[in-house]
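First the structure, in the form of structure tokens, and then the observations on it.
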Amino acid sequence: MKFTKTLAAAAAMGLALSGSAYADADPVKAGFIYVGPIGDLGWTWTHDQGRLAVEAEYGDRVETSYVESVPEGADAERVMSQMARSGVDIIFTTSFGYMDPTINVAAEFPDVAFAHATGYKRAENVATYSARFYEGRYVIGQIAGAMTETNKIGYIASFPIPEVVRGINSAYLAAKSVNPDVEFKVVWVYTWFDPGKEADAANALIEQGVDVIMQHTDSPAAMTIAEEKGVYAFGQASDMSAFGPNAQLTAILDNWGPYYIDRVGAIMDGTWESTDVWDGIGAGMVGIAPFSDKIPADVQALATETIAAIASGELHPFTGPINKQDGTVWLADGEVADDGTLAGLNFYVEGIDGELPN
Amino acid sequence: MDFSSLNAVAMIVLLIGAATPILLAAIGELVAEKSGVLNLGVEGMMIIGAVTGFITATTTGSPMLGFAGGALGGALVSTLFAFLTQYLHSNQVATGLALTMFGLGLAALMGRNYNGIKPPRTDRLEVPGLSDFPVLGELLFSYDPIIYFSVFLVFAVWWFLNRTRGGLVLRACGENHDAAHSLGYNVQLIRFGAIMFGGACAGLGGAYVSLVRVPQWTEGMTAGVGWIALAIVVFASWKPWRVILGAYMFGGITILQLSLQALGISISGAYLSMTPYIVTIVVLVIMSADRKRASINAPACLGRSFHASH
């Protein structure tokens, strides 16, 4: 299967790059590596919207190319090298699993700029960027806690990496703050994109009495199942209300366009350097979709207030007192988690049942 | 550990739904392989079936026509493979892989305008009186027609292969194509038909994914089910009944591990996610350890191209 994916990636590479091969030397070339298909309508789709925003902003002065459905691991290195060799100026690698491949390939191509999404390893020519999705998770966690009647919230998680763990913790703290009886049921599916498995996970959770579903996987499968079974869910990465007009309460929206436009602009001016960008609701990298009218007015008001407080920096989702799952103190009263700890977060907060896989 | 809230009946209903696409694709591939053709394009035919089935169902408003459209789409795309391998004698492994890539790309293109659309609902087959019967009613009479059809199809394939003259001829093509040819049978044509049957089954399985299991169209939504179907055929040692066993076991372990996690039982999810694959590998190792048996079961001419030289 890996083999075919490589072939497919290589073939797609040829197609994606053929258009730019004989162009003038002038335009800046930006390449994107996607983990799923653009048509996932989730994570990868939002990155591609960002790519299109770059094209719209700079027109003829930029050329973009992309390769979709690139498996994380060794195959990714091959695709990146090929892209770097083809004369691309900057490569955006848009999945956590591309971290080591990006570092390896960047060492071979010191003249090419790389930007890796959601990772924590940087180099002279490797920048990192991510969005503070946990801020969005805090908002939807609050809504979930207020909306659940069974007090059971289901969470479809992909891989036990800090990014996902942050989301679970943040959503739980928010839900707990409005509903002390709330209980989280986390199911790990070990994939970013497998609609069948995501649907099965949603069904298994609903079977256990869950009436609000959150997800950290990329397809709208869980939303479809929620709609069918009459429970609530939240869109992931993009507005998924088309798949669940009654089920979707709101959605966390990823907005990569401004970052991509800024970075490609920096390449044009020659001011690009390795940076670490981690923006949230305040900077507009994370957005919240319009609320469903299923959410009562007072809950909507609370959520709107939370969004404003997070945007202004007044509220940080990880503000003490917070204990770790084992009961030891993590953050003292009033203490705010620093970015370093959050970037490597590998434990559940107190109150979440179940063991965090490692 | 508290297993009391684990609803066995609901889990069985879920697992059968998860296993049916695998079952349909695997039984079709079994027939193709019995005729001596190794078609690695199952995944490609499934995704084509998923998209053509979805398009047909949403355009006509009828899920049943959708399933027919899925089967037709799978069969049509398989003729490409059949023509290349049977009449142009291309390598079956390479052509099959190419078919998978072609199918994934073509399906993405065809499905462009079908994102975010809801397909018509596939109703369960209600048997008056029986479906409401506690436990048994839910276990036996709460499924959609395709699930019953898939089990019937396994029976029909078994009956055809083992109890009819046509089945004997098809198996002869797979065991010794020269002998079948010298008896006057058109090996290429028979294989062509077997490939198309495999394509139709894979397409139907794909349509089941996009119309029932996850009622939506998303690019690449079959996500490797076709490859599992290929493994199930070997797992079943080319016996139709064991295909059911293999598919339900695979579906069962997948559902069980998700349900246990939803219950909050702390068995590392990573291991549980691996289990279906590990069990498949273990069974394959056990089976292939007995060489004689393995070689009796595999069609002797599997994957070999037939060229009539006289």
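The values are calculated or read from the model by the stated rules, or taken from the named source; none is laboratory data. Owing to the predicted nature of the structure, the values given are computational and were not obtained by experimental measurement. Glycine also receives a Cβ, built like all others from the backbone with ideal geometry; neighbour counts cover every protein chain displayed. To get the accessible areas, we keep the full protein, side chains included, count just its heavy atoms, and leave off ligands, DNA and RNA. Shrake-Rupley method; radii C 1.70, N 1.55, O 1.52, S 1.80 Å.
A compact table of results
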{"quantity": "Accessible area buried, both sides summed, chains B and A with 1.4 Å probe, Å²", "calculated": "3100 Å²"}
{"quantity": "Check: the stretch A:171-241 dipole with +1 on Lys, Arg Cβ and -1 on Asp, Glu Cβ, in debye", "calculated": "180 debye"}
{"quantity": "Two-decimal ratio, the stretch A:24-94, of alpha-carbon radius of gyration to 2.2 N^0.38 Å", "calculated": "1.10"}
{"quantity": "Nearby aspartates and glutamates by direct alpha-carbon distance to residue B:34 (threshold 13 angstrom, same-chain neighbours under 8 apart not counted)", "calculated": "B:175"}
{"quantity": "Where A:240, B:274 fall by accessible area, highest first, once all protein chains stay in place (1.4 Å)", "calculated": "B:274, A:240"}
{"quantity": "With DNA, RNA and ligands ignored, accessible area of residue A:316 (1.4 Å probe; Å², nearest 10)", "calculated": "40 Å²"}
{"quantity": "For the stretch A:126-136, Karplus couplings with θ = phi - 60° (6.51, -1.76, 1.60), whole Hz, Gly/Pro x", "calculated": "10, 9, 10, 8, 7, 10, 7, 4, 5, 5, x"}
{"quantity": "Coarse-grained scattering of chain A at q = 0.10 Å⁻¹, given as base-10 log I(q)/I(0) from a Debye sum over alpha-carbon atoms", "calculated": "-0.61"}
{"quantity": "Charge dipole of the stretch A:190-313 about the Cα centre (unit charges at C-beta), most positive-ward option of A:307, A:213, A:264", "calculated": "A:213"}
{"quantity": "Residue with peak Gaussian network fluctuation, chain B [Cα springs, cutoff 10 Å], from B:142, B:182, B:62", "calculated": "B:182"}
{"quantity": "Kirkwood hydrodynamic radius (C-alpha pairs) into Stokes-Einstein, the stretch B:66-113, 4 °C and 1.567 mPa s, D in µm²/s", "calculated": "112 µm²/s"}
{"quantity": "Amide proton proximity set for residue A:288, modelled H, under 5 Å, gap of 5+", "calculated": "A:253"}
{"quantity": "Helical segments meeting 27 Å axial Cα length and Kyte-Doolittle 1.0 threshold in chain B (DSSP H)", "calculated": "B:8-34, B:63-82, B:187-208, B:240-263, B:269-289"}
{"quantity": "As computed over the stretch A:223-358, the Cα convex hull volume per residue (Å³)", "calculated": "175 Å³"}
{"quantity": "Where N is the number of residues in the stretch B:117-193, Cα Rg divided by 2.2 N^0.38 Å", "calculated": "1.75"}
{"quantity": "Threshold 50 Å² - residues in the stretch A:166-215 whose accessible area is reduced by that much or more when the chain is no longer isolated, probe 1.4 Å", "calculated": "A:190, A:195, A:197, A:200, A:204, A:207, A:208"}
{"quantity": "Positive dipole terminus of the stretch B:8-297, leading residue within B:19, B:38, B:60 (C-beta point charges)", "calculated": "B:38"}
{"quantity": "Carbon plus sulfur fraction of accessible area for chain B, probe 1.4 Å, in percent", "calculated": "69 percent"}
{"quantity": "The stretch B:8-297 - charge dipole about Cα centre, Lys and Arg +1 at Cβ, Asp and Glu -1, debye rounded to 20", "calculated": "440 debye"}
{"quantity": "Karplus (6.51, -1.76, 1.60) ³J(HN,Hα), θ = phi - 60°, over the stretch A:140-153, in Hz, Gly and Pro reported as x", "calculated": "6, x, 4, 4, 4, x, 6, 8, 5, 9, 8, 6, 10, 10"}
{"quantity": "Other protein chain Cβ atoms within 10 Å, averaged over every residue that makes up B:219-230", "calculated": "5"}
{"quantity": "Residue A:336-residue B:130 FRET efficiency (beta carbon distance; Förster radius 56 Å; 0.05 resolution)", "calculated": "0.35"}
{"quantity": "Largest-first ordering by accessible area, 1.4 Å probe, given options B:160, A:347", "calculated": "B:160, A:347"}
{"quantity": "1.4 Å probe accessible area per residue over the protein assembly as shown, in Å²", "calculated": "39 Å²"}
{"quantity": "Cα principal axis extents for chain B, largest first, Å", "calculated": "67, 48, 40"}
{"quantity": "Cβ-Cβ FRET estimate between residue B:139 and residue B:117, R0 fixed at 51 Å, reported to 0.05", "calculated": "0.95"}
{"quantity": "Antiparallel DSSP beta bridges within the stretch A:25-161, as percent of all bridges there, nearest 5", "calculated": "5 percent"}
{"quantity": "Acute angle (nearest 10 degrees) that the helix A:162-178 long axis makes with the longest principal axis of chain A, alpha-carbon atoms", "calculated": "30 degrees"}
{"quantity": "Fraction of beta bridges assigned by DSSP in the protein assembly as shown that are antiparallel (%, nearest 5)", "calculated": "15 percent"}
{"quantity": "Derived scalar couplings ³J(HN,Hα) [the stretch B:178-185; Karplus, 6.51 cos²θ - 1.76 cosθ + 1.60; whole Hz; x for Gly, Pro]", "calculated": "5, 5, 4, 5, 5, 7, x, 8"}
{"quantity": "Cα-based equivalent ellipsoid of the stretch B:183-278: semi-axis lengths in Å, sorted from largest, via gyration tensor", "calculated": "33, 18, 10"}
{"quantity": "Heavy-atom accessible area order for A:124, B:33, A:227, largest first, 1.4 Å probe", "calculated": "A:124, A:227, B:33"}
{"quantity": "Principal-axis tilt of helix A:297-312 within chain A, Cα atoms, nearest 10 degrees", "calculated": "50 degrees"}
{"quantity": "√(5λ) per eigenvalue of the Cα gyration tensor, the stretch B:63-208, largest first, Å", "calculated": "34, 25, 10"}
{"quantity": "Protein accessible area in the stretch A:107-214, 1.4 Å probe - carbon and sulfur %", "calculated": "45 percent"}
{"quantity": "Residue-level accessible surface for residue B:249, protein heavy atoms, 1.4 Å, Å²", "calculated": "60 Å²"}
{"quantity": "Listed peptides A:158-166, A:43-51 by packing density, highest first (mean Cβ within 10 Å)", "calculated": "A:43-51, A:158-166"}
{"quantity": "For chain A, size of Cβ-based charge dipole, Lys and Arg +1, Asp and Glu -1, in debye", "calculated": "520 debye"}
{"quantity": "Full-extension gain in nm, residue A:74 to residue A:57, via 0.36 nm per residue minus C-alpha separation", "calculated": "2.8 nm"}
{"quantity": "Given A:197/B:239; A:197/B:118; A:197/A:294; A:176/A:229, the pairs whose alpha carbons are separated by over 21 Å", "calculated": "A:197/B:239; A:197/A:294; A:176/A:229"}
{"quantity": "Of every Cα-Cα pair in the protein assembly as shown, the percent that sits beyond 40 Å", "calculated": "33 percent"}
{"quantity": "Residue-averaged 222 nm ellipticity for chain A, from DSSP H runs of 4+ at -39500 (n - 2.57), nearest 500", "calculated": "-12500 deg cm²/dmol"}
